[in-house]
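Asker: Can you read through this structure? Questions will come right after.
The values are calculated or read from the model by the stated rules, or taken from the named source; none is laboratory data. Owing to the predicted nature of the structure, the values given are computational and were not obtained by experimental measurement. Don't worry about glycine lacking a Cβ; one is built from the backbone with ideal geometry, like all the others, and counts go over all protein chains shown. In case anyone asks, the SASA skips ligands and DNA or RNA and just uses the protein heavy atoms, side chains included. Shrake-Rupley method; radii C 1.70, N 1.55, O 1.52, S 1.80 Å.
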Amino acid sequence: MNTFRKTRIRIATVITILGASIACGISSVLAQEGLVPLELYWSSQRGDNFTTGTSVGGNSAIEARYKYVRVEGCALSNQQRGTVPLKLYWSSQRGDNFTTGTREGETSALEAGYSFARVEGYVFSTQRPGTVPLKLYWSPQREDNFTTATRQGEQDARAAGYYFARVEGYVYPANKCQ
């Protein structure tokens, strides 16, 4: 192997290591602040919007061939005073993921036959400075729950015939954890 090629390989290795270090650094800063991005995924096959705040949820979405759409907002990674768990429910009958932070949402999910999957993060139960509402939209046609905290999400929901159901909690805007 010539010297030039060895040098190129070493430089590529260093760049890869630096890139991984930077990504880990960003993740640890977010973790220190206690924020987790609520990522939106979409499955055209199922007609399902899926909002998740965990790597397990993101990996599950990708494995099920969902497409990443955007970060909807930032939840807290740990429970703090004034927060409630943001829970994920799943309905195999409907092929629907349902992310909710309210007792009403939890009751609706259980009554409709959904199963609890996991806690995706924590949201404020009342609005705090710097937070935005995490809104739930429902499509009876698709039998799909869509949890969003962005204007684009609201516009997409309305354009697809979804109805506003309720505010599920309050999160920080997406730019706080990107």
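Asker: In a shell of Cβ-Cβ distance under 10 Å around Thr99, excluding Thr99 itself, what net charge do Lys and Arg (+1) and Asp and Glu (-1) give?
Answerer: Values: positive: Lys87; negative: Glu72, Glu120, Glu168.
Local charge sum for Thr99: -2.
Asker: If you don't mind, there's one more thing I want to ask. I need the calculated FRET efficiency for the pair Arg166 and Ser44, taking r as the beta carbon distance and R₀ as 22 Å, to the nearest 0.05. Walk me through the intermediate numbers first.
Answerer: Values: r = 26 Å, r/R0 = 1.18.
About 0.25, to the nearest 0.05.
Asker: Ok, one more. In the P(r) worked out for segment 125-178, what percent of Cα pairs fall beyond 12 Å? Display every interim value, and only then the final one.
Answerer: Values: 900 of 1431 pairs.
Percent of Cα pairs beyond 12 Å in segment 125-178: 63.
Asker: If the only charges are +1 at each Lys and Arg Cβ and -1 at each Asp and Glu Cβ, what is the size of the charge dipole of segment 56-157 around the Cα centre, to the nearest 20 debye?
Answerer: Details: 12 positive and 11 negative charges, 60 e Å.
Rounded to the nearest 20 debye, it is 280 debye.
Asker: Out of residues 5 or more away from Arg70 or on other chains, whose amide H comes under 5 Å of its own, with H placed 1.01 Å from N in the peptide plane?
Answerer: Amide H to amide H, under 5 Å and 5 or more residues apart or across chains, Arg70 pairs with Leu40.
Asker: Tell me the relative contact order for segment 57-163 as a rounded percent, counting alpha carbon contacts under 8 Å between residues six or more apart. Intermediate values should be presented prior to the final figure.
Answerer: Values: 145 pairs, mean separation 29.1, N = 107.
27 percent.
Asker: For Gln152 and Asn78, calculate 0.36 nm times their separation in residues minus their Cα-Cα distance, and state this gained length in nm to one decimal. Before the final figure, lay out each step's value.
Answerer: On the way: separation 74, 0.36 × 74 = 26.64 nm, distance 2.71 nm.
That pair, Gln152 and Asn78, stretches by 23.9 nm at full extension.
Asker: Taking amide H atoms as placed 1.01 Å from N in the peptide plane, list the residues 5 or more away in sequence, or in a different chain, whose amide H sits under 5 Å from that of Thr99.
Answerer: When sequence neighbours closer than 5 places are left aside, the close amide H contacts are Thr51, Tyr89, Thr147.
Asker: Quick one: Karplus J couplings for segment 105-122, per residue in order, coefficients 6.51, -1.76, 1.60, θ = phi - 60°, nearest Hz, x for Gly and Pro?
Answerer: x, 4, 4, 4, 4, 5, 5, 8, x, 6, 10, 5, 9, 4, 8, 9, x, 10
Asker: Heavy atoms only, probe 1.4 Å: what % of the accessible area of segment 46-133 goes to carbon and sulfur, would you let me know? List each step's numbers first, then the result.
Answerer: Working: 2070 of 4390 Å².
Carbon-and-sulfur percentage of accessible area, whole number: 47.
Asker: Sticking with this one: In Å², what does the accessible area per residue of segment 118-178 work out to with a 1.4 Å probe? Provide the component values of the computation, followed by the final result.
Answerer: On the way: 3100 Å² over 61 residues.
I get 51 Å² per residue for this part.
Asker: Count the net charge of all other residues whose Cβ sits under 11 Å from the Cβ of Thr150, scoring Lys and Arg as +1 and Asp and Glu as -1.
Answerer: Working: positive: Arg70, Lys135, Arg151; negative: Glu72, Glu154, Asp156.
Its environment carries a net charge of 0.
Asker: So what's the net charge close to Phe164: Lys and Arg +1, Asp and Glu -1, counting the other residues with Cβ under 11 Å from its Cβ? Each step should come with its number before you reach the end.
Answerer: Working: positive: Lys135, Arg158, Arg166; negative: Glu154.
Spelling it out: positives minus negatives among the neighbours equals +2.
Asker: Could I ask something else about it? Can you find, among Tyr137, Thr150, Gln127, the residue sitting farthest towards the positive end of the charge dipole of segment 109-178, where Lys and Arg contribute +1 and Asp and Glu -1 at Cβ?
Answerer: Going by the Cα projections, it comes out as Gln127.
Asker: What Rg and what Dmax come out for segment 80-178 when only alpha-carbon atoms are used, in angstroms?
Answerer: 13.2, 39
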